[in-house]
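Contents: one structure, followed by commentary.
The values are calculated or read from the model by the stated rules, or taken from the named source; none is laboratory data. Keep in mind it's a predicted model, so treat the numbers as computed, not measured. FYI the Cβ positions are ideal-geometry reconstructions off the backbone, even for glycines, and counts take in every protein chain you see.
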Amino acid sequence: MTAIQINDLSKAFGDFIALQELSLSVSEGEFLTLLGPSGCGKTTLLKMISGFIEPTSGSIEIDGTDVTSVPPEHRNTAMCFQSYALFPHLSVRENLEFGLKEQRVARNERKSRVQEVADQLELGQQLSKLPNELSGGQQQRVALGRALVMRPKVILFDEPLSNLDAKLRDNVRLEIRRIQKSFGLTAIYVTHDQSEALAMSDRILVMNAGRAEQLGTPEEIYVTPKTSFVADFIGSANVMSGKVVGEVSNNIWAVDTDLGQFHVASDDGPAGPDVNICWRPERGTILSGDEEPGQYQNLILSKVNVRSYQGGHTDLFFEEKGVSFRTIGRDLLVDIGDECRICIDPKDVVFLEVSS
């Protein structure tokens, strides 16, 4: 069942187009992340769904009802802000029940809902404290709890973890996901952090310059990016332009690049004769000894320029024929200046958009 339907939504601030004719369906109980760099339109879209910004054109439906012109307080949504937006002079309990009081919810019902959410978020021992007596993670849970007690149809997150340190961010994002699933909420989550998006989402909408660049599951976005922007923004990717030679075997295409000829496994084939292709650094295998690549495997010979130890793996950077690329070394003692034979399976090379 569709919880949110967005049709041809646009927003202009004077001459600046923040969002351009975006259409999107979000299923009930889905966790959708809006991902992209600063200024791409993700927060503008979130605020239009919440009702804090009015669209220039297009429409928004929540649970089958057109809410395009409905004010925020009359939409079945709740917002969890980046800044927490807690009332510093109110206790945790008073912060949690503030919205319920505004909606004139009966006292017994308020008490029951606050206690339920406090138990879920492990805030039972903090109810009498003021926000400045809490840790950053506890304040974030109060902000989340204040949204949850309203029992909204849709909960909206505007970069809620950006003020937390790395370890606490990992813990809180797992808690947000657990709570979202437990309550069966439809969630839209804004972030520019790719690791958050990959770890938390059912689907990701990658945005760029006010447009939808690609929509899909985390696996689809990462493994089969559709454009150079998505490939480069989500994780790391070696992106190259090339000219398609032709299909050399069933669904195996030959592409001439500055690094030599690459073979690409693709059921759909290239978008045109001149295309961009990419492969992920972890998909490059460094061959050892006399090991030989299989048929149609892509082979690059190059010397290591830079070596960067990362604990679980080592990043290896190369430059060959004016092309820079990166791969990952595992269990092999490879140092700067060593010549490596890097093998990439054709199924790990992806066709992107037509190159200019």
Considering the stretch 263-295 alone, what residues qualify as being buried (at least 17 other Cβ atoms within 10 Å of the Cβ) and in a loop (DSSP other than H, G, I, E, B)?
266, 270, 280
Filter the stretch 249-262 down to residues that are assigned to a strand (DSSP E or B) and farther than 29 Å from residue 316 by Cβ, then give me how many there are.
1
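Taking the condition in contact (Cβ under 8 Å) with a residue 40 or more places away in the chain, part of a loop (DSSP other than H, G, I, E, B) and among the polar types (S, T, N, Q), does residue 182 pass?
Spelling it out, it is not the case that residue 182 is in contact (Cβ under 8 Å) with a residue 40 or more places away in the chain, part of a loop (DSSP other than H, G, I, E, B) and among the polar types (S, T, N, Q).
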Per-region count, the stretch 229-248, residues in a helix (DSSP H, G or I) and surrounded by fewer than 19 Cβ atoms within 10 Å (Cβ to Cβ):
1
Would you pick out the residues in the stretch 185-223 that are in a helix (DSSP H, G or I) and under 15 Å from residue 33 (Cα atoms)?
194, 195, 196, 197, 198, 199, 200, 218, 219, 220, 221, 222
Is it the case, given these coordinates, that residue 58 is on the phi > 0 side of the Ramachandran plot and buried (at least 22 other Cβ atoms within 10 Å of the Cβ)?
no
For the stretch 169-207, which positions are buried (at least 18 other Cβ atoms within 10 Å of the Cβ) and over 9 Å from the mean Cα position of the chain (by Cα)?
169, 172, 173, 176, 179, 180, 185, 186, 187, 188, 207
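Given the options 227, 257, name the one that is in contact with a Ser or Thr (Cβ under 9 Å, 6 or more places away or on another chain), in contact (Cβ under 8 Å) with a residue 60 or more places away in the chain and either closer than 25 Å to residue 356 by Cβ or hydroxyl-bearing (Ser, Thr, Tyr) (or both). Break it down stepwise before answering.
Details: 227 fails: in contact with a Ser or Thr (Cβ under 9 Å, 6 or more places away or on another chain).
It is 257.
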Might you check whether a residue that is under 27 Å from residue 197 (Cα atoms), free of Cβ contacts under 8 Å to residues at least 40 places away in the same chain and part of a helix (DSSP H, G or I) occurs anywhere in the stretch 69-80?
yes
Exactly one of 85, 143, 147, 106 is exposed (fewer than 14 other Cβ atoms within 10 Å of the Cβ), within 18 Å of residue 189 (Cβ to Cβ) and of a type in the set (Gly, Ala, Ser), and that residue is 85
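Can you say whether residue 280 is of a type outside the set (Ser, Thr, Tyr), under 24 Å from residue 204 (Cβ atoms) and in contact with an Asp or Glu (Cβ under 8 Å, 6 or more places away or on another chain), as far as the supplied structure shows?
Against the criterion (of a type outside the set (Ser, Thr, Tyr), under 24 Å from residue 204 (Cβ atoms) and in contact with an Asp or Glu (Cβ under 8 Å, 6 or more places away or on another chain)), residue 280 qualifies.
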Restricted to the stretch 110-130, and to residues that are loosely packed, with under 11 Cβ neighbours inside 10 Å and part of a helix (DSSP H, G or I), which residue is modelled with the lowest pLDDT?
119
Taking first residues from the stretch 6-18 that are closer than 24 Å to residue 28 by Cα and in the same structural domain as residue 205 (by TED's automatic domain parsing) and second residues anywhere that are of a type outside the set (S, T, N, Q) and outside any strand (DSSP E or B), the pairs with Cβ under 6 Å that are 6 or more apart or on different chains are 9/55
Please list, ordered by first then second residue, the pairs with beta carbon atoms under 9 Å, 6 or more apart or interchain, first in the stretch 110-128 and in contact (Cβ under 8 Å) with a residue 40 or more places away in the chain and assigned by TED's automatic domain parsing to the domain that holds residue 178, second of a type in the set (A, V, I, L, M, F, W, C) and surrounded by 18 or more Cβ atoms within 10 Å (Cβ to Cβ).
120/148; 120/179; 121/142; 121/144; 121/148; 121/179
Being within 24 Å of the chain's Cα centre (by Cα) and among the basic types (Lys, Arg) is the filter here; which residues of the stretch 314-346 pass it?
326
Counted residues, the stretch 153-175 - those being part of a helix (DSSP H, G or I) and either under 16 Å from residue 34 (Cα atoms) or not assigned by TED's automatic domain parsing to the domain that holds residue 48 (or both)
1
